[in-house]
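All of the numbers you see were taken from the coordinates with simple rules; none came from a lab. What you see is a predicted model, and the numbers here were worked out from it, not measured in a lab. Cβ placement follows ideal geometry from the backbone for every residue including glycine, while neighbour counts extend to all protein chains displayed.
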Amino acid sequence: MGKAATKAGMIDRTDAAHFARMLAALALSYLLPFELVLLSYVFLGPAHYLTEISWLHDRKYFLPHRGIALLLALAALGAMFMSDRFWLGVLIAFCFVACALLAAMRSRLAGLAFLVIAAVSFALLSRFEVPFGLVWVLLPTVIHVSVFTLIFMIVGAFKSRSVVQFGLIGIYLAAIAVILVLPPSPTTVIPLLAEIGNRYFGDIAPALGTVLGIPHLTFDARITGLLSFVYTYHYLNWFIKADVIRWAAVPKRRLAAIAVLSLAATGLYLYNYVYGFFVLFLLSLMHVLLEFPLNSISIRQLGAAIGGSLLRPSRAVSDR
């Protein structure tokens, strides 16, 4: 079924799979609200992180030079040994701003100048009570898996001019609303997994509460159901894109290595969840930082698409 059919509102095979996996993520979030976020993180996460890093590598990480990606990877590794949330937030926020500048600047000299300005600005901001700790808790987690995923979906819908894809965006937002209004049962199916999930993801609830102005927000069924849905869908959405952005179109040896490393990461977690979580979190944080340039480009594309649709309704957003 071609693009013309999709634009007319008919659903193709990819969109149908997209819809089915979105509903599956929603259903599982109600069945295993406390456990699913951890299960998805452990079993789906490693394959997502490694395949996306591979895909980004082939596109030079959308940066002027691949060497910058090495600095981002080292920043992720260094963050694993930092304990102060404030300075972790400063590091993450600066990496995002730096990537946005580098991805936008065509002149190396201009990019370097703006980076110096950004570094000085962050040094000055660090002297004030800027809540950088919230950036550390929310940007690599719920913002990455929900807000950036939503931006990618909207940009893709504008590119394809697909009514169906805009409909999927509506369903995605409706699913989030359903979980918030009608939260899953607070009963845990596997209490141990729920306890570990709370240990690893529990900080997100009070951080969200601070941002939203909801005091004493806890890691209850509403928050865990939301995290379970957005995390699981984030991973499944990436795997759906295999034929669209061709992240699997790599040498077979690399694909085999990715599969082995993914299984090894999951296996390490099952063997010793402390060591395993360290490896999984490092992979997760590394892929988050390496995706920052693409995130900034997509945000600019979204702004151009919305502005273009208001001024010139027939114009689609340009390709990446």
Mean Cβ count within 10 Å, highest first, over the residues of peptides 145-156, 205-216, 228-239: 228-239, 145-156, 205-216
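Output the relative contact order of the chain, whole-number percent, from Cα pairs under 8 angstrom with separation of 6+ residues.
Averaging sequence separation for qualifying contacts and normalising by length gives 37 percent for the chain.
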query: Where does each of 251-257, 192-198 land if you order them by average Cβ count within 10 Å, highest first?
result: 192-198, 251-257
statement: So the number of lysine pairs in the chain with alpha-carbon atoms under 18 angstrom apart, 8 or more residues apart or on different chains, is 4
field: Note, ³J(HN,Hα) from phi for the stretch 150-157, Karplus 6.51, -1.76, 1.60, rounded to Hz, x at Gly and Pro
entry: 4, 4, 4, 5, 5, 4, x, 5
statement: Of the residues 167, 87, 248, the Cα lying farthest along the dipole of the chain towards its positive end, which is defined by charges on the beta carbon of Lys, Arg, Asp and Glu, belongs to 248
message: Just to check I understand the Karplus step: with θ = phi - 60° and J = 6.51 cos²θ - 1.76 cosθ + 1.60, what whole-Hz values come out for the stretch 283-298, glycine and proline as x?
response: 4, 4, 5, 4, 5, 5, 5, 5, 8, 3, x, 5, 4, 5, 5, 5
field: Cβ crowding within 10 Å averaged over residues, with 162-173, 70-81 ranked highest first
entry: 162-173, 70-81
query: Per-residue HN-Hα couplings for the stretch 210-227, Karplus 6.51 cos²θ - 1.76 cosθ + 1.60 at θ = phi - 60°, whole Hz, x for Gly and Pro?
result: 5, 5, 8, x, 10, x, 6, 6, 10, 7, 9, 4, 5, 6, 5, x, 4, 5
- prompt: For the chain, modelled as a Gaussian network with Cα springs under 10 Å, which listed residue fluctuates most, 98, 249, 221?
  reply: 249
statement: Per residue, the convex hull enclosing the alpha carbons of the stretch 183-320 has a volume in Å³ of 176 Å³
- prompt: What's log10 of I(q)/I(0) for the stretch 42-103 at q = 0.17 Å⁻¹, Debye sum over Cα points only, no solvent?
  reply: -0.70
query: How large is log10 I(q)/I(0) at q = 0.15 Å⁻¹ when the Debye formula is applied to the Cα atoms of the chain, each weighted equally and without solvent?
result: -1.45
